[in-house]
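Each remark here refers to the structure printed beneath this line.
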Amino acid sequence: MTIDRRSALGLLRGLATAPLLTRRAGASQSPDLPEIPLAPLRRLEPGLIEIDLDARPAHVMVDGRRARLWTYGGSFPGPLVRLSEGETARLRFTNRLPEATNLHFHGLHVPPTGRADNIWLHIPPGETLVYELEVPRGIAGTYWYHPHAHGTIARQLWAGLAGPLIVEGPLEAMPGLAGADERIAVLKDLALDERGRPTPHRVHDWHEGKQGDLLLVNGAVQPQLRARAGTLRLRLINASNARYFRLALSDGEPLHLIATDGHYIEKPVDVAEVLLVPGERADVLVQPEPGRILELRDLPYDRRTTHHSMERTLMTILPAAHATGRELPQRLDAVPALRAKNAAVRRHITMAMFFMNGRPFDPRRIDARGRLGDLELWQVENVGTMDHPFHLHTWYFQVIARNGRPEPFRAWRDMVNLKPGERLELLVPLSNYTGRTVYHCHVSEHGDKGMMALIEVTA
Ligand code: C2O
Ligand code: CU
């Protein structure tokens, strides 16, 4: 996520007077923002829950049409997996698809081994696997789940397989967050053929990353959100294969950023826009003034492909009639300052199509060996010609420099964008877990074609 306040403010001033070209005929015709259903759950004992989930083809309504998608639990996006810090969740997952699949709990700090976030497990059609997630403390935040069987990820994600995962923690009780109207917004694009099926991948889709013309928020086109309180907390998730969202509010209203990926930042930061790349999340507070309609817009962004990018409205926000509780939290959570001089290991990673460090992914080759507990300094460089969003499993990182310049505020992330020629410095603490997992480009087509590498961390 990059935030460039100065250039964005100029742009937003322009927005305030621009006619609402992309708005539909009348707000009253827009669907309400769909609520995402909770995945069926049983409490087995204190601190232990069981959740049922399956992957299956299903018919769902998309933009007034019957679409034939691949879904989790028959809904699109998939049902909400809501966990609490400190609890253990048994996730009973059944594959009712005609091909193998699995689950990746994107961003969740759990082991990459056993039955936790283990992407090496593949579940054949008709079979069930019980994942077991021990949710550590201190990771309350916004995550998501999606398939991660190498080579099939892009197709399965495009077919509709993606759902939100939230971890709740004690911080949600703080003033400024406790009374907020909390909404999940899964942003995902799609294109359907005449029969209502996701359009198939073509050669250039593998190259550029597949995009569709339907911009969906929780599966709906330009829905309206009726705020129930003076402060809205939007948990924004980009679950697209390749589409970047450059989010801003109409009328130059600021977004109060409170969390990046799965972690709170130290205090709210007012930003004019948020660039949300595939896989990335951002939690923002929005305070619509009574009597004033806001729009969440997607501003043009050129990620150096042939895709044409234009400004569009994603969602309309109607203020609450009685907007109470409009205070903002003062402090959120500590983000420790990591020092590059404490890094035990330095790595240089280059990204270009379809390689990491000049080589395509090979699951039998270990590209990076790390030691449990080490702090590592990763220099990641985009040596290609288009943007690539970088993602690391299991461990999160802090960006300490972009082309040598420090970031405006400290934040934990598991996703970060690289423009062509850009070089980032990341500090990665390899804490708590050992095992083999991957880092890769989250344009899922690029990952499937080989922009992925394997890291093994041992004690
Ligand atoms: Cu969201 Cu390796 O993925
Ligand atoms: Cu890429």
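The values are calculated or read from the model by the stated rules, or taken from the named source; none is laboratory data. None of the values given here were measured: they were computed from a predicted structure. Heads up, the Cβs are rebuilt from the backbone with ideal geometry, glycines too, and the neighbour counts pull from every protein chain shown. Calculation scope for accessible area: heavy atoms of the full protein, side chains included, ligands and nucleic acids excluded. Shrake-Rupley method; radii C 1.70, N 1.55, O 1.52, S 1.80 Å.
Looking at segment 396-459, the strands (runs of 3 or more DSSP E) lying wholly inside it that each contain 3 or more residues that are farther than 19 Å from Asn118 by Cα, more than 16 Å from ligand 2 (Cβ to nearest atom) and not basic (Lys, Arg) sit at 398-402, 423-429. Using the structure shown, decide if Arg43 is out of contact with any Pro (no Cβ under 7 Å at 6 or more places or on another chain), without any contact (Cβ under 8 Å) to a residue 40 or more places away in the chain and more than 16 Å from ligand 1 (Cβ to nearest atom). So Arg43 fits the description; yes.
Scoring Pro429 on the criteria (1) within 16 Å of ligand 1 (Cβ to nearest atom); (2) touching a Phe, Trp or Tyr at 6+ places or on another chain (Cβ under 7 Å) leaves a single failure, condition (1).
In segment 432-452, of all residues being among the hydroxyl-bearing types (Ser, Thr, Tyr) and either under 24 Å from Val274 (Cβ atoms) or open to solvent by 10 Å² or more (accessible area, probe 1.4 Å) (or both), the one that is farthest from ligand 1 (Cβ to nearest atom) corresponds to Thr434.
Is it true that some residue in segment 315-331 is part of a loop (DSSP other than H, G, I, E, B), within 19 Å of Thr385 (Cα to Cα), touching a residue at least 40 places away in the same chain (Cβ under 8 Å) and over 22 Å from the mean Cα position of the chain (by Cα)? Checked segment 315-331: no residue is part of a loop (DSSP other than H, G, I, E, B), within 19 Å of Thr385 (Cα to Cα), touching a residue at least 40 places away in the same chain (Cβ under 8 Å) and over 22 Å from the mean Cα position of the chain (by Cα). One residue stands out in segment 399-410 among those that are on the phi < 0 side of the Ramachandran plot and touching an Asp or Glu at 6+ places or on another chain (Cβ under 8 Å): the one that is surrounded by the most Cβ atoms within 10 Å (Cβ to Cβ), namely Val399. Hey, among the residues in segment 355-385 that are surrounded by fewer than 20 Cβ atoms within 10 Å (Cβ to Cβ) and within 16 Å of ligand 2 (Cβ to nearest atom), which one's nearest to Asp205 (Cα to Cα)? Result: Thr385.
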